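Colleague: Below: one structure in structure tokens.
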Amino acid sequence: PGADLQAKAPDMLAFFKEFYWPYQDNLLSQVRLIPLRELYFEPVNNSSYLAHGNKLFLYVLLGVGLVVLIFAVMNYISLTVAQAGFRAHEMGTRRLLGASRSNIFLKWILESTLFCAVAMLFGSSIAELFVPCASQLLGVKIAIWNDVTWPAAGWCLLAVVVLGVVSGFAPALLVSRYQPIDIVRGIFRRHTKTVYGQMLIVLQNVITIVLLAASITI
């Protein structure tokens with residue numbers, strides 16, 4: 001404790017130049033001290049004796065996963081908004097029976113959060129089945145269920161809540177702000193079909209075209 005190992009690098013370099021032949025023959029010219037927690041992704045760690053990984057490849061996989069997640073959230077919002085027209089009478093009845101706008105809003109948020117929780121369990125179960133393939137692809141042993149810790153479970157729970165709120169916010173806001181008389185007249189259903197549905201379809205098509213163009217360019 002309190003030792004400055006990096007300050008010893010010049011002394012180590014001088015020692016190696018005196019006693020170690022790669023430094024004597026100028027095959028190596030510097031000494032670096034790398035913490036073990038950083039060694040896995042270090043470019044200098046490219047020997048076959050130690051496990052090593054490619055951080056760029058990991059970022060590419062992370063980017064693909066985020067794109068898939070964004071599309072999943074957009075599809076959920078699109079389908080939920082389309083379904084809102086069919087469930088409009090249910091929400092109108094709830095309002096007539098005394099439910100407030102905040103109750104309707106919270107109900108849709110809870111539904112989307114519960115859906116995200118079920119999807120998380122379902123997706124992690126599928127991921128567990130493909131652990132051997134992923135381990136071979138990344139060149140490292142991966143475990144899904146065996147590596148679950150309390151901090152990891154807390155982050156997963158936070159992610160489920162955030163995704164649930166993000167996915168359910170637009171449909172919940174759309175449904176809760178309409179009055180029961182608008183639902184009875186059919187104004188709500190027409191509006192959801194014409195405006196919100198078209199906006200989501202246009203946005204999804206734009207993202208798809210951009211991704212296809214980028215893929216073809218690469």
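Colleague: Residue-wise, which Karplus ³J(HN,Hα) couplings in Hz belong to region 127-144, taking 6.51 cos²θ - 1.76 cosθ + 1.60, θ = phi - 60°, and x for glycine or proline?
Modeller: 4, 4, 5, 9, 4, x, 5, 5, 5, 5, 5, 8, x, 8, 6, 10, 9, 8
Colleague: Follow-up. Would you give the gap between the C-alpha center of region 1-61 and the C-alpha center of region 74-130, rounded to a whole Å?
Modeller: 52
Colleague: Could you give the nm distance between label points at LEU50 and ARG94, where each point is 7 Å from its Cα heading toward the beta carbon?
Modeller: For the pair LEU50/ARG94, the computed spacing is 5.7 nm.
Colleague: Here are labelled values, (i) 8, 30, 32, 19, 9, 2; (ii) 7, 28, 35, 24, 6, 0; (iii) 7, 20, 22, 18, 14, 10, 6, 3, 1, 0, and one is the computed P(r) over Cα pairs in 10 Å bins from 0, in percent for what I pasted. Which one?
Modeller: Answer label, from the structure shown: (iii).
Colleague: Further, regarding this structure: Given the rule -39500 (n - 2.57) for each run of at least 4 DSSP H residues, summed and divided by the residues of the chain, what is its mean residue ellipticity at 222 nm, to the nearest 500 deg cm²/dmol?
Modeller: -23000 deg cm²/dmol
Colleague: Here's something else I'd like to know. What is the count of Lys pairs in the chain whose alpha carbons sit under 30 Å apart, if the two are 8 or more places apart or on different chains?
Modeller: Value for the chain: 4.
Colleague: Here's a follow-up. Put VAL165, VAL160 in order of accessible area, largest first, 1.4 Å probe: what do you get?
Modeller: VAL165, VAL160
Colleague: Any idea what the relative contact order of the chain is, in percent, if you count C-alpha pairs under 8 Å spaced at least 6 apart?
Modeller: Relative contact order comes out at 27 percent.
Colleague: Is the shape of region 6-49 rounded, prolate or oblate, going by the alpha carbon gyration tensor and its root eigenvalues a ≥ b ≥ c, with a/c under 1.5 for rounded and a/b larger than b/c for prolate? Please report the intermediate quantities before stating the final value.
Modeller: Values: a/c = 3.05, a/b = 1.48, b/c = 2.06.
In terms of gyration-tensor shape, oblate.
The values are calculated or read from the model by the stated rules, or taken from the named source; none is laboratory data. All figures in this text were calculated on a predicted structure; none of them were measured in a lab. Cβ atoms come from the backbone with ideal geometry, glycine included; neighbour counts cover every protein chain shown. Keep in mind that these areas ignore ligands, DNA and RNA; they rest on the heavy atoms of the full protein, side chains included. Shrake-Rupley method; radii C 1.70, N 1.55, O 1.52, S 1.80 Å.
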